[in-house]
1. How much of Asp841 can a 1.4 Å solvent probe reach, expressed as accessible area in Å² and rounded to 10?
2. Once amide H atoms are placed 1.01 Å from N in the peptide plane, what residues at a sequence separation of 5 or more from Thr493, or on another chain, have their amide H within under 5 Å of its amide H?
3. Could you give each residue of region 127-144 its phi-based ³J(HN,Hα) in whole Hz, using Karplus coefficients 6.51, -1.76, 1.60 with θ = phi - 60°, and x for Gly or Pro?
4. Taking only pairs that are 8 or more places apart or on different chains, how many Lys pairs in region 69-240 have Cα atoms under 21 angstrom apart?
5. Filter the chymotrypsin sites (Phe, Trp or Tyr not before Pro) in region 773-875 to those in DSSP coil with at most 10 other Cβ atoms within 10 Å of their Cβ, and list the result.
6. Express the relative contact order of region 380-455 as a whole percentage, based on alpha carbon pairs under 8 Å and six or more residues apart in sequence.
7. For a test of understanding, tell me how many lysine pairs in region 271-392 have Cα atoms under 29 Å apart, given they are 8 or more places apart or on different chains.
8. How far, in nm, would the chain grow between Glu487 and Ala383 when pulled straight, counting 0.36 nm per residue and subtracting the alpha carbon separation?
Amino acid sequence: MNRWVYLFSEGSKEQRDLLGGKGANLAEMTKLGLPVPTGFTVTTEACLYYLNHGDQLTDEVKNQVMTAVEQLSVKTGKKFGDLNNPLLVSVRSGSKFSMPGMMDTVLNLGLNDQTVAALASNSQNERFAYDCYRRLLQMFGNVVLGLDNSIFESRITALKKENGLSFDNELTADHWKQIVSEYKGIYREELQREFPQDPIEQLYLAIEAVFGSWNNARAKTYRRLHGISDDLGTAVNIQEMVFGNFGETSGTGVVFSRNPSLGDPGLFGEYLINAQGEDVVAGVRTPKPIQVLAEDMPEQFNQLKAICENLETHYQDMQDVEFTIEREKLFILQTRSGKRTSKAALRILLDFFNEGIISEEALVNRIEGKDLEAALHPNFDEAALKRRVSFLSGLAASPGAATGAAYFSADAATEAKARGERVVLVREETSPEDIEGIAISEAVITSRGGMTSHAAVVARGMGICSVVGCERLTVMENENKAMVGDEMIEEGTVLSVDGSSGKVYFGEIPMEEVGHTVALDELHAIWDRHAAIKVRANAETPKDIETGMALGAVGIGLARTEHMFFEKTRLLQFRRLILADSLAERLEVLKELKTVQKQDFKYMYEAAKGRPTTIRLLDPPLHEFLPKNAEECREVAKELGKTFNEVKRKTDNLAEVNPMLGFRGLRLGVAYPEIYQMQAEAIIEAACEVREEQAFSIQPEIMIPFTIDAGEFAHVRQAIEEAIQKNLRHNQTTLDYQIGTMIEIPRACFVADQIAQYADFFSFGTNDLTQMALGLSRDDSPRIVTQYLDVGIFEDDPFQVLDKAGVGALMKLAIERGRKVNPQLKIGVCGEAAAHPKSIDFLYELGIDYISCSPFRIPQAKMTLAKATVENVLS
Ligand code: PEP
Ligand code: MG
C-alpha cells in the first residue's frame, strides 16, 4: 500500500518534495512543539497519481484521508458534521516551491446548514458563524468550483448599499444569513447544483480542486517563467480551523522575523484584531504594525517573538510567519523563508553570523552575487522599475542605476553639468578625449563596443553606470540626437539607465531608498581568510586606487599608464610626443612628461600604501590618441604650435588600418626605447621618494605590454634596466624592482618558457588574448557575439567569461611552460573575464596567484573566490 497521507506529527522539513514546502514546515513546527493547529498533508505523489489517472481520487487515497480525519477528530475532540462540536478545517495547496497562480485556500470547510448553528451557539455569536459560512460558500465557489469572486462580492456591495452601510463589519447576523441564502442561489443559477452539505464531499472536492489547479494555465506559465518542473505536483494541507475573527481577543497577522527591506533585527509585520486571514491582505481594514500587539496583547506578542526567534535559529533563515490568535491563544499557521531586498539579505546574513546562528562558511556560501552588487550600487526602486518598459538595451557594462539628461558630446555634457543638470553621455563610442565628460556623467551609453571597450573599462573604473554596444541605437553626434527605431533621443531627453541589467528607459525612475551600507570590511576579512587567489585592482588614478583599496584590493595589478594621459592637458602632451618629428623633440617632451609621470606614480604609491603595485608601461593603441578629423587636426596644430599640414601628415603617417594589431605595446618600446626608459625612471624615482617620505616599503613591478617574443622582451628589458641602474647610481641609492610582462598574444603563450627566462612575472591580458585567440575584435565583437549567443553557438560572451577551451588552454600552456623554467614565476590575470564568477573555478585550476579587475568588481570577485574554496570546487 502506498502512503498518500501524513499527519503533521509524522513529517519533517526535509520532506519538501513529498509534503510541499508548507506541509514540510507545518510538520517541522509540530515536531518543534510549536502551537500549530493539528492537521495532515495529502502528498505531491497523490497529486501526480491523480493527474495521471483520470483526475479521480482513488479509494486508497480517500481511505487514508478518512483515517487522518478520524485522527484529527481524536486530537481535537471535534467531528465533521457534529451538531454540538463540529470539526472545521482549512484546505491549502503547497508545492515544493511557493507558486502564486495555483488554488490556494478554502477556510471553514465543514460548515453546512446544520453545523453553522452549532458554531453560532458555541461561539455565542450568530453573526460570526454566518460570516464564516458565507466565506466558505464564497471561497468554495470561487477556488473549488471556479466562479468569479465578483459575483459574490457584488451581493455584499448591493446589500450594504440597500442598508446605507459602508463596511462589512457593519453587517448583522441577519444580513449574513441573507447573503448565505443568496450565495446558495448563485450555485443554483450559475452551476445548476446545490452547495454540498456533506463535509466529506466538500473535502474531496477541495482536494481534487487543489490537485487540478497544478495544471491550470496560470500555474503552468508561472512554472515556465521560473524554471520549475511540471513533474513536482502539489500537496494539500488540511488543518483544524482556528478563528481570528472570534471577537476582540482574537486576531490574525503576518510577521517577518526581521525587517525584509533593511534587515534590521526584530519583528516586522502587521495584524488585525477580530479578522480572518484574507482580511489582512484584502486591505479593507488597515492593519496595525505588529509592535502595537505588544500593547494590545503583551503575552501573545512575547510568545510570537520567541517563536519567530526559535524558527529563525532552527531554519537558519529569516522567516515569514502567519499567525492567528483565537480567544487569546496563539497559533502558528505557516512559516517559510521570507522574501527580502538585497540590502536586507546581506545585513541579515552578517547578523546571523555575528549572532552565532550560522557559521563563517555558511556566510561565505550564502551571500549571492546579485545581492552584493545591488548593495554596492544605487538601484532603481524595484516596484517602480517593474512598471516600466525599456526602449533600448545593450551590454550591462558597469552596474548601478542613474537618471539624467542625454548629451551627445563630452563638452555639451560638461556644460550641462555646470548648469546644474544631471547628465547621461550618449556616444557612438568613447575615446580618451571624453574622459572628463564621462567623469561628470551619471551614466554612459554607447552604440558600439563590447565589455572591454573604452567606455566600458573607463566607466567601470570610475564606478559610473554604463550600458554599451546598444545595437539599435544610432547616434548622430553632429545633429545632437540619436534614434532607436522610430524613437528619438534629443539633447536634454531624460533617460534612466540600469547598468546592472543593460536596459535604458525614457524618463525618470525613482531610486531605491538607501539603507544601511554593507559592512564590507568585515566581509573582506572573512573572504580573505578563505580565498586562495588574491584580488588586485585595475586602477591608476589616486581616486580609483583608493576606491579599489576600500573595496578590498590587496594591491594594484594593472595601472594602465596611457590612461594617465586622458585628461585634456596631458592628452596634448601625449600628442606632442607621438607627433614629434625628431628624437630631440621627443626627448624634450619626455623630460616634461617625466616630471608629471613621477608625480602620478608618487600619488599612486601613496594611495596604495605599500601594497604591491604593477605599473604597465605605455600600451596605447595609437588611434585612441590621434586627432580624428581635419577639424581636430587643426585644433591640435594650433595647440602644439605646428602647422595643420604637419599635424595632418604625421597623423596620416601614423594611421593604421588595424591599430589594435599595430604600433602599440612593446612595438612602441622597441621603436622608441626612450619612452619606456623615461617611464621606468619615473617609476623608480617616485618609489624611492615615497619610500623616504612615507616609510612604505615599495618594490615596483614594471610591466611590459604586448610581448611577442623573448628576444624582443630581453632587448627592451635591457634598455630599461640600463636607465634604471644609471638613475639609481646617480641618486646613490638602491631599490628592489621586478620587470615582468603581459601575456596577451597567442605566440607569447607558446614561447612562454623562453620569455620566462627574462621576465619576473606574467600577467595575462585576457582582453587582447581573447581578441587574438578567437580572431574577434574586442571593440566590434558584440554584434557577432550576440548572434552566436542567440543561435547557441556560444554559451557565454568570451570577453566576459573566460573561454576555457581556447583562451584557457593557451593560458594553461603558458603557465606550464613558464613555471618549468621558473617555478616561482608569479602569475596574475588582469583582463576583464577573470573577475566573472563563471571564470573562477577555472582560475583555481590554473594555479594563478592573483586576479586584477576594476575596483567595483572586486567585492564580487573576492566573494566568488572565497565561495569556490568553501564549496570545495577543487575537490
Ligand atoms: C588585456 O588585454 O586584457 C588588458 C588587461 O590590457 P588592455 O585591456 O589595456 O589592453
Ligand atoms: Mg591588453
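1. About 80 Å², rounded to the nearest 10.
2. Sorted by chain and number, the residues that satisfy this are Ala406.
3. Taking θ as phi minus 60°, the curve returns 4, 4, 5, 6, 5, 4, 5, 5, 5, 4, 4, 5, 5, 4, x, 6, 7, 8 Hz for region 127-144.
4. 5
5. none
6. Relative contact order comes out at 28 percent.
7. Lysine pair count for region 271-392: 14.
8. Once the chain is fully extended between Glu487 and Ala383, it gains 34.9 nm.
The values are calculated or read from the model by the stated rules, or taken from the named source; none is laboratory data. Because the structure is a prediction, the values reported are computed rather than measured. In this analysis, Cβ positions are derived from the backbone assuming ideal geometry, glycine residues included, and neighbour counts consider all displayed protein chains. Side chains are part of the model used for accessible areas, which takes the heavy atoms of the whole protein and leaves out ligands, DNA and RNA. Shrake-Rupley method; radii C 1.70, N 1.55, O 1.52, S 1.80 Å.
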